[in-house]
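Please read the structure below before turning to the comments.
What follows draws every value from the coordinates through simple rules; no lab data is involved. Treat the numbers as computed from the prediction; the structure is a model and nothing was measured. Cβ sites come from the backbone with ideal geometry, for glycine too, and all protein chains shown count toward neighbours.
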């Protein structure tokens, strides 16, 4: 049975009434920058502290795709939640190049960004100074797809497996744990067209991908594949994780708390109904332009939020960091020599700070607006 987090869900009528009573500001502009920061929903002291942060740059993981860690930040801007908390947030679309984006974050060119926990550990191991501050789930997006005739992963022994340049650590760990003879696999680079799998191009029997993307594309095209998720094999990962520039966080702790708070409030809104989800995807579509695939992006949002719901972070409210997952990720990255053996789980734990997310909750209930 799926397990669910509990936090405040505010209906449209209640939001409207609250806005009328408190005189909340209108939402930000459609250009990607939140122009208004009236902040009448919070105390004047906290408003002043948040205003002192100046313009805050949010960097997405990949364009304005409707993924967890992206769509709720777009929605928080468009629904005026950042403005309500006196935050002047500028949205920037990331390229999907994690190495480049972690460097932008460390340099201060971005203030907060979507960075998977495993990617943060690798970045810190390489001397890139960023801090993890939240994560939605220990499940991840990386998956393996096979044609329907593969009913056991061990059937892949000696077969051709396609990837996008590398096999994600979580997928490799799943294959090894399932008993696949890794050295027997023929790994080939296949790019981003998932139809190569059902077409058996290059003799493919399996292809890496993202749980919310390629399977939905193939289903829409009428192709049937089997999806293998590392989480089902107890392999660690992360979904919806966020990182921050440490200097910015140290100077403006309430701003970091309230960035997460507004995003969580928007996540609640965007997941509260199918109509709200479509509305939020519409905000991302408006930022992205006419080529944005609204149908696919609604599927991406629904798939990722279901993954979060089905795989909540143990013992944590939404956004809470699981220290045991960090340890498991370090072990997995050591297993494949992705990080130096000198990096310890204790050291890696110091690269994450859950104090900001803890400040956003009373028990398991998100506090809205800020105290």
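Summary value for region 266-361: 17 percent relative contact order, contacts being C-alpha pairs under 8 angstrom separated by 6+ residues.
To the nearest 10 degrees, how steep is helix 98-107 against the longest Cα principal axis of the chain, on a 0 to 90 scale? Taking the Cα atoms of the chain, the angle to 98-107 is about 30 degrees. Take the Cα radius of gyration of region 142-233 and divide it by 2.2 N^0.38 Å, N being the number of residues; the result is 0.95. With a cut-off of 15 Å on the backbone N, the residues of region 212-226 near the modelled label site 7 Å out from residue 63 along Cα-Cβ are 213-214, 217. Judged by the gyration tensor of its Cα atoms, with axes a ≥ b ≥ c, region 46-192 is prolate; a/c meets the 1.5 cut and a/b is the larger of a/b and b/c.
A Gaussian network model of the chain, with springs between Cα atoms under 10 Å, assigns the largest mean-square fluctuation among 115, 160, 74 to 160. What is region 273-371 by shape, rounded, prolate or oblate, if you read a ≥ b ≥ c off the alpha carbon gyration tensor as root eigenvalues and call it rounded for a/c under 1.5, prolate for a/b larger than b/c, and oblate otherwise? Oblate shape, in that a/c is at least 1.5 and b/c is the bigger or equal ratio. Approximating the spin labels as points 7 Å out from Cα along Cα→Cβ, the residue 149-to-residue 295 distance works out to 3.0 nm. Taking 232, 84, 360 as the candidate residues, the one with maximal mean-square fluctuation in a Gaussian network model of the chain, Cα springs under 10 Å, is 232.
Springs between Cα atoms under 10 Å define the GNM used for the chain, and in it the highest mean-square fluctuation of 156, 185, 175 occurs at 185.
Note on residue 233 and residue 157: the model spin-label points, each 7 Å out from Cα along the C-beta direction, lie 1.5 nm apart. To the nearest 500 deg cm²/dmol, what mean residue ellipticity at 222 nm is calculated for the chain from DSSP H runs of n ≥ 4 alone, each contributing -39,500 (n - 2.57), summed and divided by the residues? After summing the helix terms and dividing by residue count, I get -11500 deg cm²/dmol. For the chain, averaging the sequence separation of C-alpha pairs within contact (under 8 Å, six or more residues apart) and dividing by the residue count gives a relative contact order of 26 percent.
Note on 200, 334: ascending count of other Cβ atoms within 10 Å places them as 200, 334, the fewest first. Residue order for 261, 46, 172, fewest other beta carbons within 10 angstrom first, comes to 46, 172, 261. Report, in degrees rounded to the nearest 10, the 0 to 90 angle that the Cα long axis of helix 294-310 makes with the longest principal axis of the chain. The helix 294-310 is inclined about 90 degrees to the chain. Calculate how steeply helix 323-335 sits against the longest principal axis of the alpha-carbon atoms of the chain, using the helix alpha-carbon long axis, and give the answer as 0 to 90 degrees to the nearest 10. That works out to roughly 30 degrees.
Across region 56-130, C-alpha contacts under 8 Å between residues 6 or more apart give a mean separation that, scaled by the residue count, equals a relative contact order of 40 percent. Rg over Rh for the chain works out to 0.98, using Cα positions for both radii and the Kirkwood form for Rh. Given a cut-off of 20 Å, what percent of all Cα-Cα pairs of region 94-158 lie beyond it? Result for the distance tail: 44 percent. Extension gain, residue 48 to residue 166: 0.36 nm times the residue separation minus the Cα-Cα distance gives 37.8 nm.
Exposure proxy ranking for 267, 62, based on other Cβ atoms within 10 angstrom of each Cβ and starting from the fewest, stands as 62, 267.
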